[in-house]
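Have a look at the structure below before the remarks.
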Amino acid sequence: MRTELLIDLLITVAHNNSIVNKDRTGQMEKLVERDRKRAERLRPEERQKQLLACAVREFARIGIEATVHADVAREADVSVPTVFIYFPTREVLINSVIAEVERFMLQLIEHAVDKKSASSEKIRSILLAFADAVNTSPNYVKLWMNWSTIIAEPTWSHYVAYQDDILARFETLIEEGKAAGGVHHDVDATMGAHLIMGSGHMIAQMKFRHRDDAMVETFIQTLIERALFTTGRAITI
């Protein structure tokens, strides 16, 4: 009788061990699969592109001044040291994200003016494209707005240089319009450029507040008329 009980006990233990081992094996397989996916090998340029895209999302969500390497690592599902390999310091990480936002905005302008002839149409196209970017690429617009309000280094001097570049582009468009007769000859190009660029925040806020598209377009058209077809004296009052 004792022998039979002992045999039953051994069988039960063996059975339980088998279940436990299967569970452990299953858990280990899941861990291995997770680590395999987590450590999926990418070419360095692909990894950097992936991390930068994740950084843009996290910086837009958390803010330029608050986002750290760990936030990017979590979003990309990689280790924190991996992020540091491509962005060795927080300043490098921030500047990389800002450079990406600048690239996006400059590309938006270049595409918007392509195949447009009149200066007023080019400016209208730029502002409409910017408004549309709130729908298609909201993270970039949010980051631009955030970047423009941080009046401190290391980001402020970079923003000033970016802003000067955009202002110069608008001034050139206005001067070209004046020369072609499509813009009032007495319009102050510098003031006009500042009015146009300054409208960016309002356009973005209108879009984020889900204002009607017709209202946004009317705002843009009214702005252009005031900036380009009013004399310089009226603008400076």
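The values are calculated or read from the model by the stated rules, or taken from the named source; none is laboratory data. Bear in mind that the values here come from a model prediction, so they are computed numbers and not experimental data. When we count neighbours, we look across all protein chains shown, and the Cβ atoms used for this are built from the backbone with ideal geometry, even at glycine. Accessible surface areas use protein heavy atoms only, side chains included; no ligands, DNA or RNA. Shrake-Rupley method; radii C 1.70, N 1.55, O 1.52, S 1.80 Å.
Just a few scattered comments:
- Centroid-to-centroid separation of the range 145-185 and the range 188-214 [C-alpha atoms, Å]: 13
- Ligands, DNA and RNA excluded, the heavy atoms of F219 present near 60 Å² of accessible surface to a 1.4 Å solvent probe.
- Potential lengthening between Q205 and K49 on full extension [0.36 nm per residue; Cα-Cα distance subtracted]: 53.3 nm
- Net lengthening on full extension, A180/I62 (0.36 nm per residue, minus Cα-Cα): 37.9 nm
- Applying 1/(1 + (r/R0)^6) with r as the Cβ-Cβ distance of T222 and A70 and R0 = 45 angstrom yields a FRET efficiency of 0.50.
- Note on surface exposure: H201, H210 rank H210, H201 by accessible area, highest first, 1.4 Å probe.
- The T149 and E121 beta-carbon pair, evaluated with R₀ = 30 Å, returns a calculated FRET efficiency of approximately 0.45.
- Most to least accessible of Y140, Y159 (protein chains only, probe 1.4 Å): Y140, Y159
- Added length on full extension, which subtracts the Cα-Cα distance from 0.36 nm per residue, E91 to A168: 25.0 nm
- Entries in K116/K178; K142/K178; K49/K122; K115/K178; K49/K116 that, when Cα-Cα distance is taken, lie over 24 Å: K142/K178; K49/K122; K49/K116
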